[in-house]
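Written below as structure tokens is the structure these notes are about.
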Amino acid sequence: MPFQPLTDPPADEADGPCLVVAVHAGSSVLVVDDRAPADGLFLGTLDGRHCWAVDVVDEDDVDTDLFKDLRLLWGAIDEVPWIVAGRAVQLVEWRRTHRFCGRCATAMEPARGERAMRCPRCSLLSFPRLAPAVITLIHDGGDRLLLANNRNFGIPMYSLLAGFVEPGETLEEAAYRETLEEVGVEVRDLAYWGSQPWPFPHSLMLGFTARADPEAPIVLQEDEIADAKWFALDDLPMIPPVMSIAGRMIEAWKAERP
Ligand SMILES: [Zn+2]
């Protein structure tokens, strides 16, 4: 990855155009080549080019019609600047929600030399928040996958089961618990697959593969899961796009089968 995360611009201040990610209203962004902004949040360098995030608070200053939701921008720009834009969304959201100390309510200031906000009164440090979530590709050891339609999807798409990690839990325990809660199925042979930052608003998706018995009864957690069933790889329903780790895991599993 040619992107190098940094908290402060290198001493040899670049005069050339910077990559500036303007963030407006949640995950809506505008990625432009521009000069270094006056009150930006420094992200790091991309192939030596300085990258900045700017929080667009005053809508009168900009044409917000030019902004696009980060999800819709996937595929429209290269993947590396897209990931930098995702980093900008997460850090701007973190700055917006950490303006005051959670312990003594004093206005926070950026800490020097590290990615943190610091309370000048009680010295509390607040680091960017990350919410780890496990996502599990459940297979039968052969060419069938257990996929679920979540009530939130609103479309007949089937995906992998996912859920947030609870405090005190290992990633493997979270994967086992989520599968049992959502579809009533016990998994085994959990294996780490890979991960993906998911800036909506601050998740880190951790992918696992796991095996389950296709004869085991499926018991839906009905307030969350509308449907779940086993699908053969050559007869898959609508699945998530490859911008998501779910789509990538399904495609990778298919590619590994003859
Ligand atoms: Zn404080």
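Any read-out appearing in this document is the output of simple, stated calculations on the displayed coordinates, not a laboratory observation. Bear in mind that the values here come from a model prediction, so they are computed numbers and not experimental data. Backbone-built Cβ (ideal geometry, glycine too); neighbour counts: all protein chains shown.
Ranking of F3, F153 by neighbouring Cβ atoms within 10 Å, starting from the fewest: F153, F3.
Ordering L145, L125, L30 by the number of other Cβ atoms within 10 Å of each residue's own Cβ, fewest first, gives L125, L30, L145. Taking the number of Cβ atoms within 10 Å of each Cβ as an exposure proxy, the fewest-first ranking of R129, R112 is R112, R129. In sequence order, segment 75-88 has phi-based couplings of x, 7, 10, 4, 5, 5, x, 5, 5, 5, 5, x, 4, 4 Hz under the Karplus curve 6.51 cos²θ - 1.76 cosθ + 1.60, θ = phi - 60°, and Gly or Pro positions carry x. Counted over the chain with a bin width of 5 Å, the fraction of Cα pairs per bin, in whole percents, is 1, 6, 11, 14, 15, 13, 12, 10, 9, 6, 3, 1, 0. In percent, rounded to a whole number, the relative contact order of segment 3-97 is 31, using alpha-carbon pairs under 8 Å and six or more apart.
Close amide H contacts of L204 (hydrogens built in the peptide plane, cut-off under 5 Å, sequence separation of 5 or more or a different chain): A131, A133, W198.
Would you calculate, for the chain, the mean residue ellipticity at 222 nm contributed by helices, counting each DSSP H stretch of 4 or more residues as -39,500 (n - 2.57) and dividing by all residues, to the nearest 500? Can you show the working numbers first?
Values: 4 runs with 47 residues, N = 258.
Here the helix-only value at 222 nm equals -5500 deg cm²/dmol.
Taken over segment 48-144, the alpha-carbon convex hull comes to 207 cubic angstrom per residue.
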